[in-house]
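Here's the structure, in structure tokens; my notes come after.
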Amino acid sequence: MTAVERKIPHDSAREHVTGEAVYVDDMPPSRGELIVDFLWSPVAHGRIRRLDVEPARNIAGVVALFTHGDLAHNRFGPSQIQDELLIAEDEVRFIGQPVVVIAAENREAVRAAKAAIRLDIDPLPPVFTIDEAKARRDFIGPVRKIARGDVATAFAHAEHVLQGVFKTGGVDQFYLESQAAIAWPGEKGALTVHSSTQNPTEVQDVVAHLLGLPAHKVVVITKRLGGGFGGKECQATHPAAMAALVAHKLKRPARIAYSKDDDMRVTGGRHPFQNDYRVAFTSEGIITAVKVDLYSDGGAFADLSQAVMARAMTHTDNAYWIPNIEITGTVCRTNFPPNTAFRGFGGPQGVSTMENMIEEISLFLHKDPLEIRMRNCYGIEERNTTPYGQIVANNQLPRLMRDIGERADFRRRTAAVADFNAKSKTHLRGIACSAVKFGISFNTKFLNQANALVNVYLDGTVQVSTGATEMGQGVNTKIKQVVAAELGIDAGLVIVMATSTEKNNNTSATAASSGADMNGSAAADACRRIRARLVEVAARELAARTEDLQPSPSTIAIANGMAFDRRRPQHGIAWRDLVRAAYLQRVSLGERGFYATAGLDWNAEKSSGSPFLYFTNGCAVSEVLIDRFTGSARVLRSDLLMDIGKSINPGIDRGQITGAFFQGLGWLTNEEKRYAPTGELLTYSPTTYKVPNIQDLPQVFNVDWIENDTNTLNLRSSKAVGEPPLLLAISVYCAIKNALSFVSGSEIPKIDAPCTGEEILMRLTEYARKNARKPQESAASA
Amino acid sequence: MSDSTKGVSRRGFLKGAGSAAAATALLDSAVLTVREATAQITGPPVYGPGRTELALHVNGSERTVLVEPRTTLAAALRDELDLTGTKVVCDRGACSGCTVWIDGLPVASCMTLAIDAAGRKITTIEGLATGDKLHPVQEAFIEKDAMQCGFCTPGMVMTAAALLERNPDPTLDDVKEAVSGNLCRCAVYPQVFEATLAAAKKRKASQIAGS
Ligand code: FES
Ligand code: FES
């Protein structure tokens, strides 16, 4: 039996349920360890008039205070823009921006130091909205554009046109383990940094750069993360760099661990978007043209905003072929913490814009929304090129749309919802479907590479190290399965080691859903080479032991922990003995594998090419129930159907689908960031920031995927699954819109995301007021 | 410092107060003297404000910690006893990530002072298994994939296991109610329900078999 395509428990399952699993801040303090924290700007935008750290120096327990001058370099950033400062210089650009790094013996001293430092800031006018940034033309990076066909002519000849502004809000990643790092000084000025990061290589690069160290003197180790969701792709770098600064300067171990409150205040989240859209379509619901201008709130620095925008732009078409289309993308600069990666990485903001348009078309035409989606869906042989020029190959979307309609009994339930709404005076129901086509690979081509180290020991056990970081997505479990399957042994013999830049250099972030694809492929590459050598050994050994058998590597198989010659399958040699024999014959039992995703090509300047290896697809139907007096909405039922290829581990993939969907639900329904007029975040704890809990689960929740073993482009015909299902929660947004359409009279209801209860109640009130004035109209639409 | 009826030593107090202005320190130390005196007259222990020794009964053994009266149980477990299985997430009673048992009932250890737990039976995630034998809830969590990043898992397991201790035969709604305060950002909720129900079933079956 092969180790893949089946459910085996999470690699660290036992450690998790016994509390043995160690996260960064669980590591015992080492001798002389210092606590690191920082004083941040309490002003969203301003100029530092005076900074006096002297009063804090004499406080008992305060060991050192560092400002930007203590760094070899202060400027860095994950993109070419390189506009970020680790420690503010003369200007502060967001509340939460570090101004002084504090190293102390204990937390009390940190607190006292923060109170004692004198920081005077002359405020400058802040920018808090996309509209303000647009008015000032304060953008990050160039405005990008994807275009195809003749949009102007298509609109000029359109049968129908709808337009509007579609807004989605910012969201906190809310990984349960807040940002943390520990830095240890070593010999020759070297540093070892334990970091809760999705990107150890980036932490290594940034620490080395900021401290003026060569890269080989910085080792970054990541055992696991208590959740990342994108929030630790770039922004784990800052705490790691601060701990490293202290360890480097003071030659003492240094630990930083943000509190949840601080983490939520100082780090960025999902980009809020505010998109202007226009769509032209026929009376049959065929879309003839789309024009979308995407605007995101990038926050104060570039971070990954350009890449997030590129993904939003390449996902605005979603599952639909649109002959004439123009998409622009503009990142607005505001005075909030830099927004950053968050599961979906702009994809959700692009896709939701399209799904909202389709929902509006169906409301406008009074036509079945699933039918409209099917009519516009990418074709199998034709109508299958994206606006940026990639062919939608091996397209399973039409099949998914057909199947979900049946599985969810969409048409019958749509009628039932209308019936219910005609009768109920207290509640409203809504039902909707949505689709997702999510491109897998980093848009930035060079990031699509990975390496892996596989060591086989004399007792037959195996260690694997890759650049992938385990943050709950089960990448280690999948890699373990892949290695076991490639070597033909039991997964129990394989251990996946902590991610370390010492073993795997120049790795990419574990992000873009591709952690298992790329690192698993690199590990498989290493295994194949070890296996090829072992096959030679086995051929010789078996021939030596079996009468009349000539060595023949091509007929050797290794499976279930045995090597045998297919011509004489009854004579086997156990894996462990084979390994031992190889060692005695001085055959190498270690290998480094490499993988570079083939066939990608993306021109960022022109926003064209084929940036994705393949697409992961899905469809969903959701039904909601709204209380007309409070506005609170509940999801009654969601049906999710996906194409995730051939699953390496169905248990993990199911968890990824439900988990991602649920995060999408939070983004669109109840997670709302609120700010004071000063730009200060008010919702910085789960007491005021509502992440979904079990009450928000759909009452009926059906998750399934189709059989599809044709994605041979990827590791074991699997497909990446970490992000795409998040976008299926858009069906819930559309269902809320559908419910509102029963009370909005002749208008198409408009609602911004997140559709909090408050937001829904305001719409209900507005429509009730309008329709009270025009009773005949509301009666007509009911 | 070792005499816990005395509660606090001057040295401990001054160290704890750290950088406080001399005048307040003087004032406080006067108060302290009165308190120390009262304690000696009336008997009941007075703790703090500095670090003081406290006996905690954790996972079946008696442990001594040196903490301030304001130290939470979560901090005492993690920082003093290296029982880092208990996680602190929100630190204000809103996520249940820090759930431990006190006298068999689940509590948020971030909202419980260590001194309030003194003399009571504390069980943490590290003490849930019996030797190598996992609690049925732990086993079921492994089997049903009821974890992803694992950070909520200790709290979730303690909550679910506490439910089974007080209600061996819960319904799905009982489970939902019990874990409704436990936040899981990875959203393994459906798997947690399955696991908890499976654990109850298995335990009942083994009890019937055993009786
Ligand atoms: S950490 Fe105790 S309830 Fe959140
Ligand atoms: S498993 Fe990650 S928070 Fe629950």
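Shape analysis of region A:245-294 based on the Cα gyration tensor places the equivalent ellipsoid semi-axes at 53, 12, 8 Å, largest first. The residues A:Val537, A:Val92, when put in order of fewest to most other Cβ atoms within 10 Å, stand as A:Val537, A:Val92. I want to make sure I understand the PRE zone here: with the label point 7 angstrom from the Cα of A:Ala598 toward its beta carbon, which residues in region A:505-521 have backbone N atoms less than 15 Å away? The answer is A:521, whose backbone nitrogens lie closer than 15 Å to the label point.
When all alpha carbon pairs of region B:128-211 are counted in 5 Å bins from zero, the resulting P(r) reads 3, 16, 29, 27, 16, 7, 2, 1, 0 %. Here region A:716-739 is scanned for amide nitrogen atoms under 16 Å from the site 7 Å beyond the Cα of A:Arg411 along Cα-to-Cβ, giving none. Each of A:Arg57 and A:Thr461 was given a label point 7 Å from its Cα along the Cα-to-Cβ line. The distance between the two points is 5.3 nm. When a/c is below 1.5 the answer is rounded, else prolate if a/b is larger than b/c, else oblate, so apply that to the protein assembly as shown with a ≥ b ≥ c taken from the square roots of the Cα gyration tensor eigenvalues. Rounded shape, in that the Cα axes give a/c under 1.5.
Comparing Cα centroids, region B:47-88 and region A:151-191 end up 41 angstrom apart.
Can you figure out the FRET efficiency of A:His216 with A:Glu758, using R₀ = 45 Å and their beta-carbon distance, to the nearest 0.05?
According to the calculation, E is roughly 0.25.
Placing pseudo-labels 7 Å out from each Cα toward the beta carbon at A:Glu381 and A:Val587 gives an inter-label distance of 4.9 nm.
Inter-chain Cβ neighbour count for A:683-696, averaged per residue, equals 5 (cutoff 10 Å, partner chain atoms only). The stretch between A:Thr630 and A:His73, if pulled fully straight at 0.36 nm per residue, gains 195.2 nm over its current Cα-Cα span. Scanning chain A for GluC sites (Glu not before Pro) that sit in a DSSP loop and have at most 10 other Cβ atoms within 10 Å, the longest stretch containing none of them is A:1-380. In this structure, A:Ala135 and A:Ser424 have a Cβ-Cβ separation that, at R0 = 41 Å, corresponds to a calculated FRET efficiency of about 0.40.
Taking region A:655-694 and a reference point 7 angstrom along Cα→Cβ of B:Arg166, the backbone N atoms nearer than 20 Å belong to A:694. In a solvent-free Debye calculation with one equal scatterer on each Cα, what is log10 I(q)/I(0) for region B:47-124 at q = 0.16 Å⁻¹, listed in the order of the q values? Computed log10 I(q)/I(0) values: -0.48.
Stretched out straight at 0.36 nm per residue, the stretch from A:Ala147 to A:Met27 would grow longer than its current Cα-Cα span by 38.0 nm.
Taken along the Cα-to-beta-carbon direction at a fixed 7 Å, the label points for B:Asp79 and A:Ile748 span 5.7 nm.
Going by C-beta contacts inside 10 Å, put A:Arg545, A:Arg407, A:Arg93, A:Arg270 in order with the fewest on the left.
Neighbour counts put them in this order, fewest first: A:Arg545, A:Arg407, A:Arg93, A:Arg270.
The mean number of partner chain beta-carbon atoms within 10 angstrom of a residue's beta-carbon across peptide A:221-231 is 3.
Working note: Karplus 6.51/-1.76/1.60 with θ = phi - 60° gives region A:354-370 the couplings 5, 5, 5, 5, 5, 4, 5, 4, 5, 5, 5, 8, 6, 10, 3, x, 5 Hz, where Gly and Pro are set to x.
Using unit Cβ charges (K, R positive; D, E negative) and no other charged atoms, how large, in debye to the nearest 20, is the dipole of the protein assembly as shown about its Cα centre?
Around 220 debye, computed over the protein assembly as shown.
Where the centroid of each part is defined by its Cα atoms, how far is region A:457-483 from region A:25-71 in Å? Using only Cα atoms to place each centre, the spacing works out to 38 Å.
For the residues A:Thr510, A:Thr683, A:Thr710, what sequence is obtained by ranking on other C-beta atoms within 10 Å, fewest first?
Least to most surrounded, the residues fall as A:Thr710, A:Thr683, A:Thr510.
Report the Cα centroid-to-centroid distance between region A:690-747 and region A:494-538 in angstrom, as an integer. The distance from the Cα centre of region A:690-747 to that of region A:494-538 comes to 32 Å. Stretching the chain fully between A:Arg540 and A:Asp577 yields a gain of 12.0 nm (0.36 nm per residue, less the alpha carbon separation).
Every number here is computed from the coordinates shown, using simple stated rules; none is lab data. This one's a predicted model, so the numbers in the text were calculated from it and none came from an experiment. Ideal geometry is used to build each Cβ from the backbone, glycine not excepted, and the neighbour counts take in all protein chains shown.
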